[in-house]
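Colleague: First the structure, then my questions, so here it is.
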Amino acid sequence: GDSVTQTEGPVTVSESESLIINCTYSATSIAYPNLFWYVRYPGEGLQLLLKVITAGQKGSSRGFEATYNKETTSFHLQKASVQESDSAVYYCALGASSGSWQLIFGSGTQLTVMP
Amino acid sequence: EAAVTQSPRNKVTVTGGNVTLSCRQTNSHNYMYWYRQDTGHGLRLIHYSYGAGNLQIGDVPDGYKATRTTQEDFFLLLELASPSQTSLYFCASSEGQGWEQYFGPGTRLTVL
């Protein structure tokens, strides 16, 4: 079936350190998956951080990057230097460009950035 | 700016109680969704709708009803709440299938 697996949290890093949150997916019923990273800050709903709809492409936003790798079925989230304000829960998600309404979410990774 | 609001933000009820969670979107989106989020699980889809009067079953529908009264409003109903329904509930809307969804801030429900 279709599924998303991501780094189990919680993850704690110090400010200015680099970050990688792993995400791998299985898209057995989706011919052309779209991949998303969502972020949920405390007290708020999920908001889209970045999305990539074409294999081999990279998405970026707010200093975060993720590359859609079809060969390894991965979409890891990276940031070179995190800030305290990046503390949040990050969700990787899988969707389809047509024929399917559903977004399939990973379990979320709680990130805490220490000052 | 896309906007999805939920009410209440927090709710405590007892086993067997009757609960209604409300969601309103001002995005003019056709699709609306109800999810639950539990520790160790991704967001799990309860019900969704693609327009007023329409309702589709999601992945974890047992114990939940939903109703879409207008394009803007989508309600989740728990008629006999159970402790297993203690969770964080999110509502979302989207313009089309499989694309970006816009989320509300969530409702934390506790069933004692």
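Colleague: Can you list residues from other chains, or at least 5 along the same chain, whose modelled amide H is less than 5 Å from the amide H of residue A:107?
Modeller: It is A:6, B:42, by chain and number.
Colleague: Using only the Cα atoms of chain B, each taken as one equal point scatterer with no solvent, compute I(q) by the Debye sum, divide by I(0), and report log10 of the ratio at q = 0.13, 0.15, 0.17, 0.23 Å⁻¹.
Modeller: After summing over all Cα pairs, the log10 values are -0.42, -0.56, -0.73, -1.32.
Colleague: With label points built 7 Å along Cα→Cβ from the Cα atoms of residue B:69 and residue A:20, find their separation and express it in nm.
Modeller: 5.1
Colleague: Using the 10 angstrom Cβ neighbour count as an exposure proxy, how do A:104, A:53, A:30, B:57 rank, fewest first? The partial results should precede the final answer.
Modeller: Details: A:104 25, A:53 16, A:30 20, B:57 13.
So the ranking, lowest neighbour count to highest, is B:57, A:53, A:30, A:104.
Colleague: With chain A treated as a Gaussian network of Cα nodes joined by springs under 10 Å, which of A:41, A:91, A:25 yields the largest mean-square fluctuation?
Modeller: A:41
Colleague: Taking every pair of Cα atoms in chain A, average 1/r, invert it to obtain the Kirkwood radius, and report Rg/Rh to two decimals.
Modeller: Rg/Rh: 0.97.
Colleague: Which order do A:48, A:77, B:78 fall in if you start with the one that has the fewest other Cβ atoms within 10 Å? Intermediate results must be reported in sequence, preceding the final value.
Modeller: On the way: A:48 17, A:77 25, B:78 20.
By the 10 Å Cβ count, ascending, the order reads A:48, B:78, A:77.
Colleague: In the stretch A:11-25, which residues have a backbone nitrogen under 20 Å from the label point lying 7 Å from residue A:83's Cα in the Cα-to-Cβ direction?
Modeller: So the set is A:12-21.
Colleague: Going by C-beta contacts inside 10 Å, put B:91, A:92 in order with the fewest on the left.
Modeller: On the way: B:91 27, A:92 30.
Lowest count first: B:91, A:92.
Colleague: Related question: Quick one: the Cα spread of the protein assembly as shown along its three principal axes, in angstroms, biggest first?
Modeller: 48, 40, 33
Colleague: If you filter the stretch B:1-36 for trypsin sites (Lys or Arg not before Pro), then keep DSSP loop positions with at most 14 other Cβ within 10 Å, what is left?
Modeller: Those that pass, being in a loop and sparsely packed, are B:9.
Colleague: For a quick check of your reading of the filter: which GluC sites (Glu not before Pro) in the stretch A:56-114 sit in a DSSP loop and have no more than 13 other Cβ atoms within 10 Å? Intermediate results must be reported in sequence, preceding the final value.
Modeller: Values: sites: A:65, A:71, A:84; in loops: A:71.
Listed in order of number, the matching sites are A:71.
Colleague: Show me, for the stretch A:9-17, the HN-Hα J-couplings you get by feeding each phi into the Karplus relation (A = 6.51, B = -1.76, C = 1.60, θ = phi - 60°), rounded to Hz, glycine and proline as x.
Modeller: Coupling constants for the stretch A:9-17: x, x, 10, 10, 9, 8, 3, 6, 7 Hz.
Colleague: Can I ask one more? Can you give the longest run of chain B that contains no GluC sites (Glu not before Pro) sitting in a DSSP loop with at most 12 other Cβ atoms inside 10 Å?
Modeller: B:2-78
Coordinate-derived values only; no laboratory data. Since we're looking at a predicted model, the values are computed, not measured. We place every Cβ from the backbone using ideal geometry, glycine too, and count neighbours over all the protein chains shown.
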